[in-house]
Amino acid sequence: MLTILAAGTTASLFAQTAQPAADQTVTTTATAAVKSATKPNGAIMPIPTRSAMLRGAYGPFRANNDLLYYHLDIRVDPEKQVISGKNTIRFRMLKDGTRIQLDLRETLAIDKILWNATPLKYERDTSAVFVDFPRTLRAGEIVSIDFYYSGHPDEYGRFGDITFKKDAAGHPWINTACEGDGASMWWPNKDQWRDEVENMDISVAIPSGLVDVSNGKFVGKTDLGDGHTRWDWHVSYPINSYDVSLNIGSYVHFADKLGDLPLDFYALPEDLDKAKVQFAQAKGMLEAYQHYFGPYPFAKDGYKLIEAPYSGMEHQSAVTYGNLFKNGYMGRDWTGVGISTRFDFIIIHESGHEWFGNSITAADPSDMWIHEGWTTYLEGLYVEYRWGKDDAIKYLNGLKPKVENLRPIVDESGVNAEPTEDQYFKGALMINTLRSVINDDAKWWPLLHNFYQHFKYQNIMTGDVVTYFNQQTGMNLTPIFDQYLRHARIPRLELLFGEAPGMVMYKWNADEDNFAMPVRVGAPSDWQIIHPTTEWQWMQTPLTKDQFQVATDLYYVDVNKQ
Ligand SMILES: [Zn+2]
């Protein structure tokens, strides 16, 4: 997954870590917001461009239809670096109308758009394509159009959206990773997050001798007799447009199984031996996540792990991998506490998105913490499954130096926003805090499992998460979610000693008026749970100010002792 790297906000993070985290990228495209404005709370927020608004808004010409199916059927020319072909787009009208909105980057040509044999008129406005029908389409009517396009897709962003590279042996190596900028950077589609097709076919014609690995189940390959071979893939589940992926290269394949689930691995020939060792971690990853959340979401499509020339991306059922076949992140201890080096960060993180990001999807990028906060928390669950709770808590607390607390995690909706990187680390620390608030693992594990099962294959917003947690726990967790997600600051526990011997006063300092959260205080060997609100309360303690502690590894809070 991608995160915008707004100038001056996250640069310090990456100055320390040398490279952005997995699936995070510097976005500098025309579709990204480039201006900024100061919000009332002093945070710098981007001002969306017209292009970003057209891409981000779920406007009337998107809302009047419901996607059913795509067949992306293209030819890729590695030498000319050109794509040509069509996307067949099938949708059901939800309202009467004569116009729909699709998306395709301006630099790519629209050759024609056909409705059966009828050419359709269209208007382009930045990357939006408004398609007009010669008669009113009725609500409930199912319509299929063929959108023909061609051209050279320019590279943008750190991962390039689509790149035409060569491998070390000089063979073409063409890959996509386009989450932030969008799939319309290289193919025409309804490029937003709220609506997904129910299933999809992907057909890619490439020079014979090369391999294309895309999403879904491999259907077959056909020699076209003109020096090209078409590779056909079928996706049996809803899929985000940005998850649709090409991986074209001199790949070699090896396979395994986890129960009935096919595991397929693709690496360049020179990396095959390393891949056979490193990719073996996929099984343990799947076992861990299946333990917590239930079966792998895309069983009919299988699980694939594919070498790519960038760090990694969660392409649905076709996770891409570029972590140097080393543990940690690019060989480094990602959270700096000696645990990341036990496993391959990219395999564990990107594959976690199969549950959170691909199966459960945010309906707007504004709420992308549903992908990234949860998947970062899943890293902690993987650690817990393998090495126990103490190491998981240690691992998650290693994320703290990465949090900036300068902007709220949930961003503006409807403008294709790229939330702050805090969505990863602070999101995970918030979920870890919720576990401590619930304070009963016998409830926590079913809650996580049922939360995933309740929302799987759906596109949801933060409010859906909060409502579910409130309903299932019988607690009012709204102020806690809102404080962590909708404000820049974390709550600060104010502790005032010395009013009287053996007494400490306490309250929360938070932006949410009704903020109330239990927290463990006192001595680690004998924590006491107190229930601070934003009003002063007091308790007796035999501990001195120096001895009195707060369980800040279990609750992501600031503490102010006076
Ligand atoms: Zn991610």
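The values are calculated or read from the model by the stated rules, or taken from the named source; none is laboratory data. Note that the structure is predicted; figures quoted are calculated from it, not measured. When we count neighbours, we look across all protein chains shown, and the Cβ atoms used for this are built from the backbone with ideal geometry, even at glycine. Just the protein is used for accessible areas: all its heavy atoms, side chains included, with ligands, DNA and RNA removed. Shrake-Rupley method; radii C 1.70, N 1.55, O 1.52, S 1.80 Å.
How many residues are farther than 19 Å from Arg342 by Cα and buried (at least 19 other Cβ atoms within 10 Å of the Cβ) when one looks only at the range 382-411?
Total meeting the criteria: 7.
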Count - residues of the range 126-143 that are outside any strand (DSSP E or B) and surrounded by 20 or more Cβ atoms within 10 Å (Cβ to Cβ): 1
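Which is in contact (Cβ under 8 Å) with a residue 60 or more places away in the chain, open to solvent by less than 10 Å² (accessible area, probe 1.4 Å), among the acidic types (Asp, Glu) and within 16 Å of the ligand (Cβ to nearest atom), of Glu379, Glu350?
Glu350
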Do the conditions hold for Pro491, that is, is it buried (at least 19 other Cβ atoms within 10 Å of the Cβ) and in contact (Cβ under 8 Å) with a residue 12 or more places away in the chain? yes
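Taking the range 505-557, which residues are of a type in the set (Lys, Arg) and open to solvent by 80 Å² or more (accessible area, probe 1.4 Å)?
Lys545
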Within the range 243-264, residues open to solvent by less than 10 Å² (accessible area, probe 1.4 Å) and assigned to a strand (DSSP E or B) come out as Asn247, Ile248, Gly249, Leu263
Any residue in the range 199-221 that is in contact with a Pro (Cβ under 7 Å, 6 or more places away or on another chain) and closer than 15 Å to Arg105 by Cβ? no
Any idea which residue in the range 144-174 is most open to solvent (accessible area, probe 1.4 Å), counting only those that are touching a residue at least 60 places away in the same chain (Cβ under 8 Å) and more than 22 Å from Trp186 (Cα to Cα)? Ala168
Condition (residue is within 16 Å of the ligand (Cβ to nearest atom), part of a loop (DSSP other than H, G, I, E, B) and surrounded by 18 or more Cβ atoms within 10 Å (Cβ to Cβ)) applied to the range 421-430: is it met by at least one residue? yes
I need the full set of residues from the range 307-344 which are of a type in the set (Ser, Thr, Tyr) and closer than 28 Å to Ile239 by Cβ, in order please. Tyr310, Ser311, Ser317, Thr320, Tyr321, Tyr329
List the residue pairs whose Cβ atoms are under 8 Å apart, where the first residue sits in the range 517-531 and is in contact (Cβ under 8 Å) with a residue 60 or more places away in the chain, the second is part of a strand (DSSP E or B) and of a type in the set (Phe, Trp, Tyr), and the two are 6 or more positions apart or on different chains. Met517/Trp508; Arg520/Trp527
Just a yes or no: is a residue in the range 282-294 in a strand (DSSP E or B), under 20 Å from Ala428 (Cβ atoms), within 16 Å of the ligand (Cβ to nearest atom) and not basic (Lys, Arg)? no
Filtering the range 70-96 down to residues that are open to solvent by 10 Å² or more (accessible area, probe 1.4 Å) and not charged (D, E, K, R) yields His71, Pro78, Gln81, Val82, Ser84, Gly85, Thr88, Leu94
Count of the range 323-345 residues which are open to solvent by less than 10 Å² (accessible area, probe 1.4 Å) and either within 10 Å of the ligand (Cβ to nearest atom) or among the acidic types (Asp, Glu) (or both): 1
Check off (1) in a strand (DSSP E or B); (2) surrounded by fewer than 18 Cβ atoms within 10 Å (Cβ to Cβ); (3) out of contact with any Pro (no Cβ under 8 Å at 6 or more places or on another chain); (4) on the phi < 0 side of the Ramachandran plot for Asp226 and give me the number that stays unchecked. (1)
Taking the range 302-316 as the region of interest, how many residues are more than 16 Å from the ligand (Cβ to nearest atom) and open to solvent by less than 10 Å² (accessible area, probe 1.4 Å)? 4
Can you tell me which residue is nearest to Ala551 (Cα to Cα) among those in the range 431-449 that are away from the ligand (no atom under 16 Å from the Cβ) and of a type in the set (A, V, I, L, M)? Val437
